[in-house]
Amino acid sequence: MPASEQLAIYPGSFDPITNGHLDLIRRAAKILNHVVVATLRHDTKDPLFTAEERMEMISQATADLPNVSVDSFDGLLVDYARGHGARLILRGIRAVSDYEYELQMALMNRQLSTELETIFIPASEQYSYLSSRIVKEVSRLGGDVSSLVPASVSARLIEKHSNLSVG
Ligand code: PNS
């Protein structure tokens, strides 16, 4: 099988990466030759972390996975994937409620590039409630998120929120 058919792009905001994302990356890395975790640089959702910070956190959390690399992108995902010779896009699905949005994106991406296929991987049950948004909210309000995100992310969330409350 040509290498490009075993290369997948896992795109997202990753603001910040959670244990749910990490679980999906680890499972995907077992069945694919290479996974590129690609964080959207200029996210309209006004991210808490800069693209560099998000990439650093992903790199630290995936340092033990030799077939996973980290990158960022701007513009259309299909252009980024094409530029890397990738034909697979990876997305996690936590619940049925995710499916509508994910299907819409997958079909739009297919419309834009017929060479690309989206693969949905179901989230593990223990992470099915987890999202970056909820992690940020709990952390901002002083809750402990250390079991929900990699250790370096937990430390950065505390630091970020204490800087924001001082500033
Ligand atoms: O983690 P998210 O925020 O759900 O990720 C969404 C993401 C980054 C995958 C999506 O917004 C995206 O691909 N943006 C790039 C712009 C693009 O290609 N849009 C058309 C696809 S609908």
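The values are calculated or read from the model by the stated rules, or taken from the named source; none is laboratory data. No experiment lies behind these values; they were computed from the predicted model shown. All Cβ positions, even for glycine, are placed from backbone atoms using ideal geometry, and neighbour counts span all protein chains on display.
Looking at the range 63-119 only, could you name the residues that are under 17 Å from D23 (Cα atoms) and within 13 Å of the ligand (Cβ to nearest atom)?
If the condition is that a residue be under 17 Å from D23 (Cα atoms) and within 13 Å of the ligand (Cβ to nearest atom), then I89, L90, R91, G92, I93, R94 are the ones that fit.
For residues that are within 13 Å of the ligand (Cβ to nearest atom) and either in contact with a His (Cβ under 8 Å, 6 or more places away or on another chain) or under 16 Å from R26 (Cα atoms) (or both), tally how many sit in the range 52-62.
Adding up the residues that qualify gives 1.
Has the range 75-83 got at least one residue that is surrounded by fewer than 18 Cβ atoms within 10 Å (Cβ to Cβ) and either touching a Lys or Arg at 6+ places or on another chain (Cβ under 8 Å) or closer than 19 Å to I31 by Cβ (or both)?
Residues of the range 75-83 that are surrounded by fewer than 18 Cβ atoms within 10 Å (Cβ to Cβ), as a first pass: 75-76, 79, 82-83.
So of that shortlist, the ones also either touching a Lys or Arg at 6+ places or on another chain (Cβ under 8 Å) or closer than 19 Å to I31 by Cβ (or both) come out as none.
No, that holds for no residue.
Given the condition surrounded by fewer than 18 Cβ atoms within 10 Å (Cβ to Cβ) and β-branched (V, I, T), answer yes or no: does some residue in the range 131-152 qualify? Spell out the reasoning first.
The first filter runs over the range 131-152 and keeps only residues surrounded by fewer than 18 Cβ atoms within 10 Å (Cβ to Cβ), leaving 131, 133-134, 137-138, 140-144, 146-147, 151-152.
With the extra rule that they be β-branched (V, I, T), the set shrinks to 134, 138.
Taking every residue of the range 131-152 in turn, at least one turns out to be surrounded by fewer than 18 Cβ atoms within 10 Å (Cβ to Cβ) and β-branched (V, I, T).
Does T44 satisfy being of a type in the set (V, I, T), modelled with pLDDT under 95 and near the ligand (Cβ under 10 Å from one of its atoms)? I'd like the intermediate steps shown before the answer.
Numbers: of a type in the set (V, I, T): yes; modelled with pLDDT under 95: yes; near the ligand (Cβ under 10 Å from one of its atoms): yes.
Against the criterion (of a type in the set (V, I, T), modelled with pLDDT under 95 and near the ligand (Cβ under 10 Å from one of its atoms)), T44 qualifies.
Only one residue in E102, E117, E125 is surrounded by 13 or more Cβ atoms within 10 Å (Cβ to Cβ) and within 20 Å of A29 (Cα to Cα), so which one is that?
Criteria check complete, one pass: E117.
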